[in-house]
Amino acid sequence: MSLFITAGYPDLDSTVDLILGFDKNGADIIELGMPFSDPLADGPTIQYSSNVAISNGITMKRIFEIVREVRKTSEIPIILMGYINPIYKYGVNSFCNDAIESGVDGLIIPDTPPEESSIIAVEAKKAGLEMIYLVAPNTSDRRMQLVDDLSSGFVYCVSVTGVTGARSGDEVAHSVGKFIERVKTNVTKNPILVGFGIKNHEDAKRIAQKADGYIVGSALIETIRNHYPNKDWKVHVFNFVKKLKFGNL
Amino acid sequence: MYGGKFVPEILIPALEELEEAYHQVQSDPLFQKEYHDLLREYVGRPTKLTLANRLTDHYGRAKIYLKREDLCHTGAHKINNAIGQLLLAKRMGKSRIIAETGAGQHGVATATACAKFGFECVIYMGAEDMERQRLNVDRMRLLGAEVRSVESGSKTLKDATNEAIRDWVTNVENTFYIIGSVVGPHPYPMMTRNFHRVIGEETMEQLRYSEGELPDYLIACVGGGSNAIGFFYPFIENENVKMIGIEAAGLGADTDQTAATLSIGTPGILHGSMSYLLHNEEGQIQLAHSISAGLDYPGVGPEHSYLHDTKRVHYYGITDREAMDAVRLVSEKEGIIPAIETAHAFAYLEKLMPLTQRDEIVVVNCSGRGDKDMETISRWFHENQKL
Ligand SMILES: Cc1ncc(COP(=O)(O)O)c(C=O)c1O
């Protein structure tokens, strides 16, 4: 189970606690979102969390501090996920070096497909970061093989054509089975993790039977949004995470 | 280095399909005939090249000509591209058209083309732009388009573009995205430029006829940069033709209320391509400002970034106030009420004309007419007690 949260959401200080709590409650990988003002592959939920995080004053330096802080007590793999412009502005080379130095394991950059990977792939590899590329339902077989070749760590399967958080779990379940089969025949080197539209334990279980793992983002952010800043909001969030993975205990 | 395809994986097959289809129609005489027939019989091309004699007398220097894109059907150059891309969509068997719009001119042009060919049409427009370009919203609706208000970010062109791309990602199978300027991922900037080249080609031909020579200066306003590149492109190889692209400086390029991307921006990646951008230290896109909705954009077409770096084109920022003064001057001297976007190009005459000679020729691309802006124009001059 991989969990996505936006760094600096709902506030700057909670991100470390959230990551550590996710680790304790069943997460295997953390995708830490680097907020961008114009996230064009994201639906309303992650647009919202990104805007809040930017208003909270999140910076790239602060994101690296968060990772460093987590690394004091946890070895959970951390993948930074975000758009290319903030990375480019930071300087691709310094970004990759600072990322690896702080304890980041890999990168997902949704607006940098293999065509444009030269902007960062060499530096990332030199620094020792995994590069994770995406496949979607309209990706051809041949292209899936290319993505498998270029990726390290895992391949990210976008389960529906759409933005993050867009569709309901049922819709995803119906269309996704065949797609995963096709991915599996073409992506042979890397594990495959399926994301987009997974909202509860039932969705997750269905995916877990077919793929190597699943990714939950918008549903987790929605849960935070529903409970923050009430007393015990983190307890509710961690319960949601536990239920995602293990169902009702 | 500029340009590229910085888009989500889902759009890659769509861009490849588009590239292939565009490549085919470029050498397809049937397509080219249909396109050029429409430009002639529906858009009203060739547009006139008008000698602006009173404006010329006003400055007493070089001769000033106006390329009259304001006379295109729907009132701006945008329809050259909208018609071209719509024909391509038809060729590709797409049934649904989406577009973003700032000033509403590209939205109106797209809605017009969709009405003419019977396509479903959805236009994304920032809430602030819907307010300041209300007349164009009603025009689009009258033409049968659905106008969706975009409430995110600055509620202007940048955010409308985000929303259009999200729609495209979601409905990529049946939807064609008609981008309104020379921005976006490859092949859009090239394709849109080529659909506007007719502006420069006609200008060259018309000037050869009336003056027997090439112009000395070309001036055009730059939002994303489509009217400017279409106007400049056929002249690019002629080193003696000086070209000036006019950006919107808003309240001033030294303030944070500006859209002067090339003057003060730095390279970055937005909306699928690398180009100059207005963004902060963290790479977050800054909110642009201009009184003109069509220039109120923190990016610019990648080819303009290249022409800026190579210094082939000189870019300059004109403020809201300078543009509005030009609206008045051109209205009074030439009987043409220009779009506020276009007025930015006219305002540069104040700087340029004193440096020109009587035997030189300046051509301003009159990209659109000001009818759509009458509410903003009225408010401005009433507030300044000049109407
Ligand atoms: C009349 C007019 N001129 C210029 C522009 C700016 O666009 P571009 O720079 O792509 O020509 C617009 C955009 O809406 C417009 O309506």
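The values are calculated or read from the model by the stated rules, or taken from the named source; none is laboratory data. What you see is a predicted model, and the numbers here were worked out from it, not measured in a lab. Quick reminder, even Gly has a Cβ in these numbers, built from the backbone with ideal geometry, and neighbours come from all protein chains shown. The area values use the complete protein model at the heavy-atom level, side chains included, leaving out ligands, DNA and RNA. Shrake-Rupley method; radii C 1.70, N 1.55, O 1.52, S 1.80 Å.
None of A:Ser151, A:Ser117 is touching a residue at least 12 places away in the same chain (Cβ under 8 Å) and either surrounded by fewer than 23 Cβ atoms within 10 Å (Cβ to Cβ) or within 9 Å of another protein chain (Cβ to nearest Cβ) (or both) except A:Ser117.
Here B:Gly44 fulfils each of the conditions (1) within 14 Å of another protein chain (Cβ to nearest Cβ); (2) at positive phi apart from (1). For B:Gly200, the conditions (1) more than 14 Å from the ligand (Cβ to nearest atom); (2) of a type outside the set (Ser, Thr, Tyr); (3) closer than 22 Å to B:Ile340 by Cα; (4) part of a helix (DSSP H, G or I) all hold with the exception of (1). Report yes if A:Gly128 is open to solvent by less than 20 Å² (accessible area, probe 1.4 Å) and more than 14 Å from chain B (Cβ to nearest Cβ), otherwise no. So A:Gly128 does not fit the description; no.
Residue-by-condition table, conditions (1) closer than 30 Å to A:Thr164 by Cα; (2) in a loop (DSSP other than H, G, I, E, B); (3) open to solvent by 30 Å² or more (accessible area, probe 1.4 Å):
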site	(1), (2), (3)
B:Val172	yes, yes, no
B:Ser181	yes, yes, no
B:Pro185	yes, yes, no
B:Met204	no, no, yes
B:Tyr209	no, no, yes
B:Gly230	no, no, no
B:Tyr233	no, no, yes
B:Asn238	no, yes, yes
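Condition test on A:Asp105, is it more than 22 Å from B:Val172 (Cβ to Cβ) and open to solvent by 20 Å² or more (accessible area, probe 1.4 Å)? So A:Asp105 fits the description; yes. One residue alone among B:Asp37, B:Asp57 is part of a helix (DSSP H, G or I), more than 14 Å from chain A (Cβ to nearest Cβ), within 29 Å of B:His73 (Cβ to Cβ) and not small (Gly, Ala, Ser), and that residue is B:Asp37.
If only residues of the range B:120-142 that are surrounded by fewer than 21 Cβ atoms within 10 Å (Cβ to Cβ), at pLDDT 95 or above and over 23 Å from B:Gly299 (Cβ atoms) are counted, the one that is farthest from the ligand (Cβ to nearest atom) is B:Glu120.
Yes or no, residue by residue, for (1) in contact with a His (Cβ under 7 Å, 6 or more places away or on another chain); (2) surrounded by 15 or more Cβ atoms within 10 Å (Cβ to Cβ):
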site: B:Pro8; (1), (2): no, yes
site: B:Ile12; (1), (2): no, yes
site: B:Pro29; (1), (2): no, no
site: B:Ala62; (1), (2): no, yes
site: B:Glu69; (1), (2): yes, yes
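Pick from the range B:72-107 the residues that are assigned to a helix (DSSP H, G or I) and free of Cβ contacts under 8 Å to residues at least 40 places away in the same chain: which of them is nearest to the ligand (Cβ to nearest atom)? Only one residue tops the list, namely B:Ile79.
Here's the yes/no breakdown for (1) within 14 Å of chain B (Cβ to nearest Cβ); (2) surrounded by fewer than 18 Cβ atoms within 10 Å (Cβ to Cβ); (3) in contact (Cβ under 8 Å) with a residue 12 or more places away in the chain:
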| residue | (1), (2), (3) |
| --- | --- |
| A:Ser49 | yes, no, yes |
| A:Ser55 | yes, yes, no |
| A:Cys96 | no, no, yes |
| A:Ile109 | yes, no, yes |
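With respect to B:Thr192, determine if the residue is open to solvent by less than 10 Å² (accessible area, probe 1.4 Å), of a type in the set (S, T, N, Q) and modelled with pLDDT under 95. So B:Thr192 fails the test.
In the range A:1-99, counting only helices (runs of 4 or more DSSP H) that sit wholly within it, the ones holding 1 or more residues that are of a type in the set (D, E, K, R) span A:14-24, A:60-71, A:84-90.
Listed by position, the strands (runs of 3 or more DSSP E) contained in the range A:102-202 that have at least 3 residues being among the aliphatic types (A, V, I, L, M) are A:192-195.
Screening the candidates A:Ile215, A:Ile221 for the property of being touching a residue at least 12 places away in the same chain (Cβ under 8 Å), in a helix (DSSP H, G or I) and within 17 Å of the chain's Cα centre (by Cα) yields one hit, A:Ile221.
Name the one entry in A:Ile79, A:Ile84 that is among the aliphatic types (A, V, I, L, M) and more than 14 Å from chain B (Cβ to nearest Cβ).
Working: A:Ile84 fails: more than 14 Å from chain B (Cβ to nearest Cβ).
Among A:Ile79, A:Ile84, only A:Ile79 is among the aliphatic types (A, V, I, L, M) and more than 14 Å from chain B (Cβ to nearest Cβ).
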